[in-house]
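Inspection log for the structure reproduced underneath, given as structure tokens.
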Amino acid sequence: MVYSASSYEASTKFNDSAHYIKSQAKATFLGLIVMGFVSKLDYHFWKKVYLPIYLGSIFLIFLVKSPIGMTINGANRWIRIGGMSFQPAEAAKLGIIIFLAVLICNKRKSLNSLGGFINCLIWALVPTGLIYVVTKNLSSAIIICGIAVVMLFVASPRYWYYILGAVMVGGAVAGVIYLVSSGILPESMSFRLGRVKAWLNPEAYATSKGFQTLQALYSIGSGGYFGKGLGQSTQKMGYVPEAQNDMIFSIICEELGLFGAVAVILMFLILIYRFLVIANNAPDLFGALLVVGVMGHISLQVILNIAVVTNTLPNTGVTLPFISYGGTSVLFLMMEIGIALNVSKAHSAE
Amino acid sequence: MKKIKKFTFRMRKKLMVLFILVLAAFVMLSYKLYTITRDNGDSYKRQVLSQQSKGSTVLPYRRGDIVDRKGSRLAYSEKVYNLVIDAKAMHEDDDKHLEPMLSLLESEFPDLDMSEVRAYVKDKPNSRYKIFLKKIAADKKEEFEALKKAGVSSNDADGKKVTIALDGVWFEEDYIRKYPYNTLACDLVGFVQGDNTGFFGLEEYYNSTLNGTNGRSYGYMNDDGIMESTIQEAEDGNTLVTTVDTNIQSIVEKHIKLYYEKYWNNFRDGAAAENIGVIVMNPNNGEIYAMAGYPVFDLNDPTNMDGVDLTPFMTSTSSNAVSSNAIETQTSVSEDSLSVDAAPEMDEETKAMNKIWRNTCISDSYEPGSVMKPFTTAGALDAGKITGNETYNCGGFLEVGGHKIHCHNRLGDGLLTVQQGMAKSCNVVLMNIAFTMGKDEWLRYNRIFNFGLKTNIDLAGEANASELTFGENMGQTDLAVASFGQGFNVTMIQMAAGFSALINGGYYYQPHVVSKIENSKGAVLEEKTPKVVKQVISESTSQKMREMLRTVVMSDPKECTGWSARPAGYTEGGKTGTAEKYPRGNGKYLISFMGFVPAENPQVLCYVIIDTPNAPNQSESTRMATVLNKDIMTEVLPYLNIFPTEEMTEAEIAELQEKQGEFFIGSDGVSQNSVSDDVVEEGQETVHEDDGTIYIPDPAESVSYDSAGNVISQNAIQYDEATGYPLDPATGEVLDPVTLEPIDGNVSFISD
């Protein structure tokens, strides 16, 4: 899929239609090795190193500002180690899963109280805030925060915190949407909110902020029920920006149609279901929480990505796990799968 | 073993809640995908397709040429370029080449509004396409591209010379329409406005034939995922080969112009006539050689009316003069029914320009007057109602329905044969003939000669005269005046086409301007062979008519009305016309002459109408039309290789020599017709290479032609002392003063 979606841009930019797929293949290959290794590694190992991992991922975030930091497309989100570029936010996602799993195990009892709950949440909010402030990467911040919320939700015995939180967040979002759509907010403030405006009415911003969304919708619509056939997308030829990346799902819709899109969603659903089963059968709480974190991570990314592509949510740059282009992302996702596999193995070994 | 913290049941329950939430989100998103596909699939599909075509570029076609019968181009399309600015490319490389590019543009294209360009580049840095200048000539474009390619050298920070590559400006192909003869045949050719849309004349009638199909250059992805472009070439438009002869057309236009100059302020202040129209055609096949009116306009710039006095065309009363000559029973023909482009909300100036653009010869209708008489007579002869040997007594008038309808000669001419009646243009004779025929027969022949119907000539804007002729309710008075061409309206082309049939043996040819259509490569797509629509009268009737019409011109001046139309050395037949305009009794007349040469075997037909001549007694001024006919014929006949057959008198020779100067020296206005210097074509041997003029050279210089058709200076011509004829400076042979051919002459002058 990456190959199909990226070949046009790759051939125009790098004169090699396989540029992206080659780089992706390298990352995936590396990811497979790492996964194999991690799946052999007893997951309790992570318990011992959780603090270095947490601090390390925060350190990596700061490295973006150091000389080895890299700027791509105006976004300062990468660091270069050796010959490879690396996105610290992806590491931070894994970091927060491991860290929170350990934290929750240690402070399980205190989670019953609001103070303990907030205490845990703050640990998660530190990297979240850092990622947003240092790398200006709102979507990664949201996901890290989301992972934390999911893990705490599962671990804590209470519901009403969440219901209350959801109502509050929902109310705030609705308020912002109302303010934006009614035009009460001054222009100067609405820069960030331009995306929201574009989301509400993509046609009106067809040449600016709504362009990507609108083109994604065109792709989905033009694919029909069974698509144009693999490799037959025309939208990828410069019309859908980031076709191989955030917007890859729209190209899937165009080439494989609604049928293919639903098939992809079902595959994710199966994957997530497997996480559910593994978590339920995990030999201990730590293993279960690790898997819940992974599950939360993947679910969130899938939901956010598809929601953005279908203009259900305003445009944020979330990639589709395993499918979108992105070496770091694949590497760490593979690592997460490796952890989940090890947890699963621990159960069957029991 | 330390206590293992378990994943509790409560947690499992919550995990299940989480999974259900995820599942719900997935289902919702799938449904959303489904609704997008269902509701917007088609429109988005179209949107995607339309975006694709945006990526491809249009390759414009070239509109076809219009050429005359010898191949001289009357109209052609020339490739030009539009200047396109790509703001994004201009800003590339950190604006390094922005300023050099802009200053190069400024110096190379002075017409370019640089403030606008700068504003565009500044305000829309991501825009990639905007046209700033149109119609740039190819050499200018190449010059600029060479400069652009060379780049600009400047000193960099280290003081080293570096060349900055320029980018951000490119050119897009387009075509503009050019008319090398400027005003020549303007009403007949028509012009093009906007996106290759023809207006008037051939340009409008053959608009779709002349236009081609745009090509496209598409980008597509090949199997290796590489962008390739495929080009579908534009299909150029077809070329019209017309029957028009540029030389004859310029002769006609020159004489119209001379007429206007001669009679300016002649009797009343102002123009020599309210309108004038001339058709020269071949009576044997319906081919139009020339068609002209006045005033002319420059086809290259049709809205530029400099040098044309619009005031006579501004008020509807005067300009409407021709067409308002309607049937009495119908009061007046409204301008709208005749006008081909009667837009109600046009301003005065546009209306006036429309009147100048329209072709008088096909778009204006009028009462024909006595030129109708041969039609009446031919009908009566052909139907056997008269034999041609009858005599009628003309007492100067005939009383019909209580009205005294007068003859031109109010005293009466006494006993007249049919032939004499024709030669003297006696109304009484014609009224009697019409009464002999009866209303039904007269109407039948009127229809046979196509009056009231369009001739379907292949020009835009032919007037529909069906409402302007008599119908079944025609009364006796109507029949009386109709016999000599009053009371109903015709168009010039109807008259000329009908008259051709009258004298060519009775075959009605559809008048036409285009003889064949060629594709852009020169292959003939369609040959428009002369089309006999019908036989209107018998060969013998036609023969009788030729004999009768010969006497109109060839009789003793006292016995005929048309003697002054005859070009020296030729026999001519024809008919004069003097139609009283509506309202009757206002002293306004439309004078006309229809002539054909040679009288026995017509080869060329010339029809002249002059509406409201600027003369003291318009009813006596028919000579203005006959002389105009003579002047045109005198020049056209030798050009068409029709040789004089008759002896010329000393007076005629003297007159010819005197007129020689007038014929070959164009006035200022006419020399506008000369071919622009840059478009002199090869193989056009009649065009003088210095100024490209045919017959109408630079007015400062007197020019004539030698036997080889080359232009020679008038001053260099020696005259033969015995005959007064010019001598060929090359060979010393005595030349015919009219044809400029050696007297013994079988040397080809201009062969067809």
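We did not get these values from a lab; they are worked out from the coordinates using the rules stated. All of these numbers come straight from a predicted model, not from anything done at the bench. Note that we place each Cβ from the backbone using ideal geometry, even for glycine, and neighbour counts take in every protein chain shown.
Quick notes on this structure:
- Label-to-label distance, nm, for residues given as residue B:113 and residue B:516 (7 Å Cα→Cβ offset): 4.9
- Residue-count net charge about residue B:104 - beta-carbon cut-off 12 Å; Lys, Arg +1, Asp, Glu -1: -4
- Cα gyration tensor category, rounded, prolate or oblate, for the stretch B:478-586 with a/c compared to 1.5: prolate
- The mean sequence distance of close C-alpha pairs (under 8 Å, at least 6 residues apart), as a share of the length of the stretch A:77-121, puts its relative contact order at 21 percent.
- Classified by the C-alpha gyration tensor, the stretch B:58-242 has a prolate form. Its axis ratio a/c, with a ≥ b ≥ c, is 1.5 or above, and a/b is larger than b/c.
- FRET efficiency, 1/(1 + (r/R0)^6) with R0 41 Å, evaluated for residue B:39 and residue B:13 via beta carbons: 0.60
- The Cα center of the stretch B:496-555 and the Cα center of the stretch A:237-282 differ in position by 80 Å.
- Debye log10 I(q)/I(0) for the stretch A:41-158, one point scatterer per Cα, at q = 0.10, 0.11, 0.18 Å⁻¹: -0.32, -0.38, -0.89
- Overall Cα dimensions of the stretch B:16-149, principal axis frame, Å, largest first: 87, 50, 24
- Local electrostatic count, residue B:576, Cβ distance below 13 Å [Lys/Arg +1, Asp/Glu -1]: +4
- For the stretch B:480-586, the relative contact order is 20 percent, taking Cα pairs closer than 8 Å that sit 6 or more residues apart in sequence and dividing their mean separation by the residue count.
- Spin-label proximity, residue B:651 to the stretch B:538-577 - amide N less than 19 Å from point 7 Å beyond Cα toward beta carbon: B:552-572
- Near the amide H of residue B:289, within less than 5 Å, lie the amide hydrogens of B:280, B:281, B:282, all on another chain or at least 5 residues away, with H placed in the peptide plane.
- Cβ-Cβ distance of residue A:160 and residue A:230, R₀ of 35 Å, FRET efficiency by 1/(1 + (r/R0)^6): the value works out to about 0.15.
- DSSP-assigned coil residues among chymotrypsin sites (Phe, Trp or Tyr not before Pro) in the stretch A:78-172, each with at most 16 further Cβ atoms within 10 Å: A:159
- Long-range amide H partners of residue A:156 with built H, under 5 Å: none
- Nearest-0.05 FRET efficiency for residue B:150 and residue B:261, computed from C-beta distance (R0 51 Å): 0.40
- Counting, for every residue in B:8-20, the Cβ atoms of other protein chains within 10 Å of its Cβ and taking the mean gives 6.
- Peptide A:301-310 shows a mean partner chain C-beta count of 4 within 10 Å per residue C-beta.
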